[in-house]
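Data block below; observations after.
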Amino acid sequence: MPESTVRFRANRLRREGILNIVAMANPHRLGYAILAVILLRVRPKARARVIEALEKLPEVQYLSSCAGRVDLVLQVVCRDQEDLRRLLAERFPALGGILESETLLELEVHKFKYAYPNLAGQPR
């Protein structure tokens, strides 16, 4: 397929909001030794304020609201264990409204992919 065709299609998909082109850096190569997933339960009345505060933290790479036993899931990167300890023990409590947290340290990443499978023709 000619490059011009690919470029045209990519530009159209970007204009339609279907495709975003981003670069994904390797956090370990950038000096972040700690990757963690943190599960949070928050007070319902504090939810919007906690989300807004978490969005501003540079360590937070991913943040989503959930249904189920936790209210928020976030992925963080930290330089070392001390940075993670400070985040959990000092900065999170200072936000107010967090009822409970559970931290899952990522020991090894086995798959890292932000592409969606082609589900065309699959039964629904």
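Computed from the coordinates by the stated procedures, all read-outs in this text should not be read as laboratory data. Keep in mind that what you see is a predicted model, and the values were worked out from it rather than measured. Every residue, glycine as well, gets a Cβ built from its backbone with ideal geometry; the counts of neighbours run over all protein chains shown.
Of note:
- For Lys56, Lys111, order by how many other beta-carbon atoms lie within 10 Å, fewest first: Lys111, Lys56
- Karplus-derived HN-Hα couplings along the stretch 22-35 (A = 6.51, B = -1.76, C = 1.60, θ = phi - 60°), whole Hz, x at Gly and Pro: 9, 9, 10, 7, 7, x, 5, 5, 8, x, 9, 7, 10, 10
- A simple spin-label model places the labels of Glu100 and Ser65 2.1 nm from each other, with each point 7 Å out along Cα-to-Cβ.
- Stokes-Einstein D (µm²/s) once Rh is taken as the Kirkwood radius of the chain over alpha-carbon pairs, at 25 °C in 0.890 mPa s: 142 µm²/s
- Furthest towards positive pole of dipole, Leu87, Leu99, Val77, structure part the stretch 28-105, Cβ charges: Leu99
- Shown in residue order for the stretch 49-57 are the 3J(HN,Hα) couplings computed by the Karplus curve 6.51 cos²θ - 1.76 cosθ + 1.60 at θ = phi - 60°: 5, 5, 4, 4, 5, 5, 4, 7, 6 Hz (x for Gly and Pro).
- Placing a label point 7 Å from the Cα of Val109 along the Cα-to-Cβ direction, the residues of the stretch 14-51 whose backbone N falls under 13 Å of that point are 23-37.
- Of Phe8, Phe92, the sequence from fewest to most neighbouring Cβ atoms within 10 angstrom is Phe8, Phe92.
- Rounded to the nearest Hz, the phi-derived 3J(HN,Hα) couplings of the stretch 5-17 under the Karplus curve 6.51 cos²θ - 1.76 cosθ + 1.60 (θ = phi - 60°) are 5, 4, 4, 4, 5, 4, 5, 5, 5, 5, 4, 7, x, where x marks glycine and proline.
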